[in-house]
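Colleague: The structure is given below, and queries will be raised subsequently.
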Amino acid sequence: MRPLGPACSLLLLCLAAPACKDADTVAAEQKQEALQRHIAEGRTALNRDQYDLAAEEFRAAAEISPQDPMPLMLLSSAYQKSGNFPAGLLALKQASALMKFKDPQVRKQMAELEQESGNGKDAMRTLAALLEEGALTHDEVLDLARLQAREGDGEGAYKTLDYVTSRSPEDLAAKVTEVEIQLVAGDEALASKLLDQIIEKQPDLEAARVVRARHRLGNGQPEEALKDLETIKGLHSTDRDVLELKARAWSQLKKYEEADQALSALIKDKPRDADLLSLLAEVKLERSEPSEAEQLVDRALALRPNFSRALYVRGLAQEAMNDGDRAKDNYLEALRSDPHFAPALSKLWQIYQREDDTAEAISALERLLFAHDASLDEKAALAKYYIDTGANLPRGRKLIDEVMRHDPHNTRYRIIQVRYEKSGDAGARSSKGAKASNGPVIVRGQRRRH
């Protein structure tokens, strides 16, 4: 029997197969295989903290399938982890556009990135639209209220808060949020009273303890702040806010060895935690161990490029070496990564003050105030700027009265207060047309209007 030729063999193979694949089918399969390969390799790089490589793979996947939102969402995740929030936001917006902006979870992520990128007002609009659609959870509604307060929209914050309190008037988490809004508005005495009542009613409410600890630190009471923070047990004891406040309290108390031991023990369990590495680097600087601090900062930035706290600590190291220009650059870079990062703001307003840049100094101090991170000195400095410039005098009067309650024998504070007393009602009249941020006052868990 004569052997079959090549053409006959190919014909028999085609007949034996269910169907011969045409060129388009083969190309489509190859495209899908390439797509899945890039996504798989990107995920692997992401898990290994190789963010640039991950972004490269996800970009390639997005080019292969430009109508598929998934590669863009993964690309956004890679950018976020690298600290490049504007690029992450752009990729996420592109993904959301492909879904016609209908996915609430993607829009929530967009709002988070808008905040991280310093676009607080854009985030407010995104979240407010989701609130109207009934797409926000209880905690997300409270987050929106806090954001509105920080952005200077006190009335909007209370309106948002009413979504919770109208349904559950005794909701303690909502009451804590109400306190935070009051602190931004400057009604410190009433807010403190209500906060004490909340903690007395529910001593293990972590959010209330954190708010009170931050407020006490700002008022120069690190021992009292630590008492609040030490009541937080279990997994929440290593939350970012809790650790940061503890580190600040230890620094104020100059208990650097205690801070070093506690943070070093935590890093043994979490060796890739950039927050912990940066906090420990700051403690090392306080202990005059700059080389160890530099190594820790390098490790943190390798894990999270453009990480605000690591950049800030590097700025501290440069400032200690009298390299003020590079220190300022790092503080600014830290704020580009996290526009609300209080330690960098605290450094920058002082730099702006030395440079006689009043507008920027006031802006930095106001951001500290609205985030509940302004110290007594910073509140007094802001009050002085207000009386010097004639702007926001009602707020300035509240601030200086508050700091005097905490430190009534401070001559420098008293001089500022006397200037307000001499100004009489002129300040209130001169700022009548300006938008006030006083907001409602809390009285026993309720609110009354001024």
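Colleague: Taking 0.36 nm per residue of sequence separation and subtracting the Cα-Cα distance, how much length would be gained by fully extending the chain between Thr389 and Lys422, in nm to one decimal?
Modeller: 10.4 nm
Colleague: Determine, for each peptide in 356-366, 388-398, the mean count of other beta carbons within 10 angstrom over its residues, then list the peptides with the highest first.
Modeller: Ranked by mean Cβ neighbours within 10 Å, highest first: 388-398, 356-366.
Colleague: Okay, which of the stretch 68-95 sit inside 19 Å, backbone N to the point 7 Å along the Cα-Cβ direction of Asn47?
Modeller: Once the point is set 7 Å along Cα→Cβ of Asn47, 71, 74-79, 81-82 turn out to lie under 19 Å by backbone N, inside the stretch 68-95.
Colleague: Pairs of Cα atoms under 8 Å, at least six residues apart: use those to get the relative contact order of the chain, whole percent.
Modeller: Averaging sequence separation for qualifying contacts and normalising by length gives 11 percent for the chain.
Colleague: What does the charge count near Ala225 come to, summing +1 for each Lys or Arg and -1 for each Asp or Glu among other residues with Cβ under 9 Å from its Cβ?
Modeller: In short, +3.
Colleague: Oh, and also: May I ask for the net charge around Leu46, where only other residues with Cβ less than 14 Å from the Cβ of Leu46 are counted and Lys, Arg are +1 while Asp, Glu are -1?
Modeller: Overall, the nearby charge balance is +1.
Colleague: Near Gln36, within a Cβ-to-Cβ distance under 12 Å, what is the net charge of the other residues, with Lys and Arg +1 and Asp and Glu -1?
Modeller: Net charge around Gln36: -2.
Colleague: What ranking do 75-86, 324-335 get when scored by the average of other Cβ atoms within 10 Å per residue, highest first?
Modeller: 75-86, 324-335
Colleague: Going down the table (Lys108/Lys159; Lys121/Lys379; Lys81/Lys268; Lys81/Lys102; Lys246/Lys328; Lys121/Lys255), which pairs top 30 Å between alpha carbons?
Modeller: Lys121/Lys255
Colleague: While we're looking at this one, here's another question. Of the GluC sites (Glu not before Pro) in the stretch 58-134, which ones lie in a loop per DSSP and count no more than 11 other C-beta atoms within 10 Å?
Modeller: Hits after loop and neighbour filter: Glu133.
Colleague: Under the 0.36 nm per residue contour assumption, what length would be gained going from the current alpha-carbon distance of Arg167 and Arg326 to full extension?
Modeller: 52.1 nm
Colleague: Let me ask another. Can you compute 3J(HN,Hα) from phi for each residue in the stretch 252-269, using the Karplus curve 6.51 cos²θ - 1.76 cosθ + 1.60 with θ = phi - 60°, rounded to whole Hz and x for Gly and Pro?
Modeller: 4, 7, 6, 8, 5, 5, 4, 5, 4, 5, 5, 5, 4, 5, 5, 5, 4, 7
Colleague: State, to one decimal in nm, how far the label point of Glu289 lies from the label point of Ala302, with both points 7 Å from Cα in the Cβ direction.
Modeller: 1.8
Colleague: How large is ³J(HN,Hα) for each residue in the stretch 203-214, as worked out from phi by the Karplus curve 6.51 cos²θ - 1.76 cosθ + 1.60 (θ = phi - 60°), to whole Hz, x for Gly and Pro?
Modeller: x, 9, 7, 4, 4, 5, 4, 5, 4, 5, 4, 5
Colleague: While we're looking at this one, here's another question. Taking only DSSP H segments of four or more residues, each worth -39500 (n - 2.57), what value at 222 nm results for the chain once the sum is divided by all its residues, to the nearest 500 deg cm²/dmol?
Modeller: -23500 deg cm²/dmol
Colleague: Which ³J(HN,Hα) values, rounded to whole Hz and listed in residue order, are derived for the stretch 331-340 from phi using the Karplus coefficients 6.51, -1.76 and 1.60 in 6.51 cos²θ - 1.76 cosθ + 1.60 with θ = phi - 60°, glycine and proline given as x?
Modeller: Result, ordered by residue: 5, 5, 5, 4, 6, 5, 6, 9, x, 10 Hz.
Colleague: Compactness ratio of the stretch 152-257: Cα Rg over 2.2 N^0.38 Å, N = residue count?
Modeller: That works out to 1.13 for the stretch 152-257.
Colleague: Assuming 0.36 nm per residue, please report the length gained on full extension of the stretch His406 to Leu253 beyond their Cα-Cα distance.
Modeller: Contour length minus Cα-Cα distance gives 53.3 nm.
Colleague: Something else: Below 8 Å between Cα atoms, with a sequence gap of 6+, how large is the relative contact order for the stretch 284-419 in percent?
Modeller: 13
Colleague: So for the pair Lys227, Glu63, with labels modelled 7 Å out along Cα→Cβ, what separation do we get in nm?
Modeller: So the label points at Lys227 and Glu63 sit 6.2 nm apart.
Colleague: Same structure, new question: Rounded to the nearest 0.05, what FRET efficiency do Glu132 and Ala34 give with R0 = 30 Å and r taken as the Cβ-Cβ distance? Could you check?
Modeller: It comes out at approximately 0.10.
Colleague: So which aspartates and glutamates pass the test for Lys254, namely a Cα distance under 18 Å, with those fewer than 8 places away in the same chain ruled out?
Modeller: Correct list for Lys254: Glu223, Glu224, Glu230, Glu244, Glu282, Glu286, Glu289.
Colleague: So, one more: Starting with the highest mean, order 310-316, 373-379, 409-415 by the number of other Cβ atoms within 10 Å, averaged over the residues of each peptide.
Modeller: 310-316, 373-379, 409-415
Here, each number is a calculation from the coordinates, and none is a lab measurement. None of these values were measured; they are calculated from a predicted model. Positions of Cβ are generated from backbone atoms using ideal geometry, with glycine treated the same way; all protein chains shown enter the neighbour counts.
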